[in-house]
Amino acid sequence: MSEAPATVVSLHRQLGLTDDEYARIEEILGRKPNHAELAMYSVMWSEHCSYKSSKIYLRTLPSEGPQVLIGPGEGAGIVEVDGVAVALRIESHNHPSFIEPVQGAETGIGGIVRDILSMGARPIALLDPLRFGPLPVEDTVEPATAERNRFLVEGVVTGISTYGNCIGVPTVGGEVVFDPCYSGNPLVNVMCIGVAPVERIMLARAHGPGNVVLLLGSKTGRDGIGGVSVLASSAFEEGSETKRPSVQVGDPFTEKLLIEACLELIERGVVVGIQDLGGAGICCATSESAANAGTGMRIHLENVPRRERGMEPFEILTSESQERMLVIVTPEDEEEALATCRRWGLGASVIGQVTASGRLEVFEDGVCVADVPAASLGDGPVYYRPVERPHEAPPVPDTDVAPPEDLRRAVLALAGDPSLCSKRWVWEQYDHQVMLGTVTGPGADAAVLRLPGARKRIAVTADANGRWCAADPYLGTCHAVAEAARNLSVVGAEPIAVTNCLNFGNPERADVMWAFSESVRGLGDACTALGTPVTGGNVSFYNETAGRSIDPTPVVGMVGVVADAGPPGTGFRGAGHLIVLLGETLPELAGSEFLRIVHRRQGGLPSLDLAREAALGRVVRGAIARSLLSSAHDCSEGGLALALTESCLAGGLGAAVTPEDGLPVHVWLFSETAGRVLASVEPHRLPALRALAAAEGVPVSFLGTVGGDALRIGSEADIPVAVLRDVYDNALPAAMRHA
Amino acid sequence: MELVRFAVAVDVMPKDGISDPQGQTIERALPSLGFADVHDVRVGKRIELAVEAPDAETAEAIVRAACVRFLANPVIEEFQVHVLERAGGPA
Amino acid sequence: MAIVVFPGSNCEQDVLQAFACLGVRAEYVWHHATDLGGFDVVVLPGGFSYGDYLRTGAIAAFSPVMEAVRRFAAAGGLVIGICNGFQILCEAGLLPGALRWNAGLKFICRPVTVRVETTDSPFTSAAVAGQALEIPINHFQGNYHCSPALLDQLDAEDRIAFRYADNPNGSVSDIAGVLSAGRNVLGMMPHPERAVDPAVGGTDGRVVLDSMLTSLWSLRAGVR
């Protein structure tokens, strides 16, 4: 054992470990750690790897249900649909994407795809919830900042396109939202769905002392040394360009080979355990898979193929070089596994053996360079961080909100807002069709996918509302869950599971931690109310620049099951069809897009009744199953105004609607009351729909009729569909066009 | 015959007359960054290789052959081969 | 039917599934294969063979299987390259021209309308001349380039199989698909396999696959 350097005590602080944490490492080892060991603990006990600030809250989430095969704590959650295992997970790649947007987005996809692969599942769909600062067409930030934001949008979309398209996994949905709070800290979240036969689910378990540890994929370089701890676990300051050396470069071609080779190895039945290499690299993958199986591991670093010369043991152990997987096989299957990799042209090396010692023993050329209890690396500290509710901004009374000077202009302003307009410019750069499973792709409320090996289809969505969570993190998070469920219901899917990516500021700040705790409480309550267990998730802290946090942004990813009938679609389908609203419009302009865009005011959010939300979902799904609806569209951001606009555009048909008595027209049109769905029905089906809704106590109001070539709102506005289309379709391309 | 290692670089450029949208895009972006006097931007790629050959002429010939067959596409690209130096001792 | 799988191909499964939709069995052939005996049709599917590194299709064009494809084509066998397959055929010299970055420098995935320019080919015989087909494209490098002289020749020899109704990528003369001199090799950027199922992408791509099957049957009938 090499002696620890004398400077080691101060080194631990440089590596981000506290004095208490360092003392605990000494206690675990019964001696001072050497440099390599200290580096291993520092990355494994970083916020990103250990969830040390969030653990106590995440434990409270509902995670059980008959459909749940694998809950939180593994590479991905797994639910059973029609006899098939469906894996789901979201991760963030926020900071890397700010530093280098193309590579940040690429490696974000690579990472989440390997998470799914580590469960033995074939990745079949990607969704990308993205949040950026405003584009130059808005005047809410400095021109230089807006220019930088556009550069980030361009880069992130290119990265997703480059990587996702190349690996042949369709990108079927996501979000693109602009808000000043994300200017210095974009959110690049990536969700992946995978499928596997139930009996072929794999876990990160290094069972069987004597078994062989294989490292598959790319060579190891000095990529992202300390990456997880540096990038994801500390505040983001000016001059972050100096962190550029740790930028990791994506290699989608090798990832594609990795997918095919790993799935073939699993199919051949030679895999004992499999684990992806992400944050904390070899150190994390080896210690976790050994600890999970109650075994140990002996690793020989000289057998790790390297891309660079002169790498120190700690660098090899903690490198985050992309496109690598760890696979455990029996000695008898070693040759078959290596031959399979050779056939795919994929690198594969034996780097160690499973032992019964319970320790992770690392050697380099016969010299022991690290020897620690494997489980201790994953058994990081748990923090009860201080929590304090911040002063509340006074709520915005809705009576205060004046009608717009020109209703038509207001509707067009919403339709042309970068956050609300068509995102076609983005998703046309993504292959959303490969695998021939995309029944409904991007641009809809939720993606509907065929499930290989099953009769049923699944639907997937990802939703969040940072502004509402800033106003009330509990209620805002409940809204995100409710909206996700609504988005699934309108395509006929029954929600069955949730994954999440919780994007927050610095957890060492009591107000941030309060928002986090409230958000998790909301997530739990809403998921319980809607019957969607949380199968796992990801926490991204330290999303702040120069001391300013982003709005709390919990992104809710939800999966649902579509039994039989196809989705009715968002668009109006026939002239003469009746337009109805399921649910009730309350005077709730607080937190609305109308307030933000027309009055440039923020604050507040609508109320939410989860029981009514659940009832609405049952009615909508029931109506779709009985083929009662010609179209169905979630009515949320932008209120009825945007829902009507989108249903007109998707169907290429106009509509004439009459404002409801009792509400001012602008309140009726722009209010964002939750629990509402805009639908159209053939006249003779309306009675059946009313009966179905009445049984659940969901109000159905008649708004008007489909037809003509304009959206007519009472006598107040008459907007040709062609004009709406021009504004809605061209807003984003125009904003992205360079002057 | 004794083989020597040569460092060779290949510049691959879009052929004259072939439109170069990458170059044009960069050119259009330059004025807004204060580079109004920069023109005729063309984007190509440089490929560096080490070749074992008895002499520089042979090294160049080997790389040229690789260019014609593989490294450049004669339909749209042209190339230049530069033998840079002896890259070390005998192979 | 043989579907050639290169490292990085990603549409092979889709092609297999599309043919299965029409009741035809196809099988995968690995890029190391040196013999295509026994097959009636060879498909080079879409994807990113070798990650599109160097140039799209450039590395795959030197796979061992491409020698076999060359012999297969020389003997009159039907070869269709879709998207990356088209790029590989151009790089291998089995089709003239080259495919370059889209003029807009963006990847494009969307349905486009292409016109059938000739029905005198085993890939378009079931179509009507001038028929408009809605088939998705999905590429970054589908901008077809050839010299003016070659363009004249392709036109004169009626070897332009498809043209875009609304050119999405800057291709010379709106070209979306070209035939070899022997008319038995087709390269096309649109993905017909993505348009065979009414639930996903429509059925306009069927006419290409149907034409191939019809041609094969009449070919076999003629042999007998």
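Rounded to the nearest 10 degrees, the inclination of helix A:610-625 to the longest alpha-carbon principal axis of chain A is 80 degrees. Partner shielding of C:105-117 amounts to 4, given as the average count of beta-carbon atoms from other chains within 10 Å of each residue beta-carbon. Modelled spin-label separation between residue A:456 and residue C:67, with each label point placed 7 Å from Cα along the Cα-to-Cβ direction: 5.3 nm. The slack in the chain from residue C:132 to residue C:153, taken as 0.36 nm per residue of separation less the alpha-carbon distance, amounts to 5.2 nm. With a Förster radius of 30 Å applied to the beta-carbon distance between residue A:26 and residue A:356, the computed FRET efficiency rounds to 0.70.
Other residues with beta-carbon under 10 Å from the beta-carbon of residue C:29 carry, at +1 per Lys or Arg and -1 per Asp or Glu, a net charge of -3. Other residues within the sphere of radius under 11 Å centred on the Cβ of residue A:106, judged by their own Cβ, net out at -4 (K and R +1, D and E -1). Against the main long axis of the alpha-carbon atoms of chain A, helix A:35-44 sits at an angle near 20°. Between residue A:715 and residue A:611, the C-beta separation translates, for a Förster distance of 41 Å, into a calculated FRET efficiency of about 0.65. Of the residues B:64, C:110, the one with the fewest other Cβ atoms within 10 Å heads the list, and the complete ranking is C:110, B:64.
Take the Cβ atoms of residue B:29 and residue C:165, set R0 to 35 Å, and the FRET efficiency comes out at 0.65. Within segment A:31-83, the GluC sites (Glu not before Pro) that combine a DSSP coil assignment with at most 16 other C-beta atoms in a 10 angstrom radius are A:64.
Among A:368, C:90, sorting on how many other beta-carbon atoms sit within 10 Å of each Cβ, with the fewest leading, yields A:368, C:90. Using the Cβ of residue A:296 as centre and a radius below 12 Å, the other residues enclosed give a net charge of 0, where K and R count +1 and D and E count -1.
When the GluC sites (Glu not before Pro) in segment A:358-460 are filtered for DSSP coil states and for at most 11 other beta-carbon atoms within 10 Å of their beta-carbon, the remaining sites are A:388, A:392, A:405.
Here, each number is a calculation from the coordinates, and none is a lab measurement. As the structure is a prediction and not an experimental result, all values here were calculated from the model. FYI the Cβ positions are ideal-geometry reconstructions off the backbone, even for glycines, and counts take in every protein chain you see.
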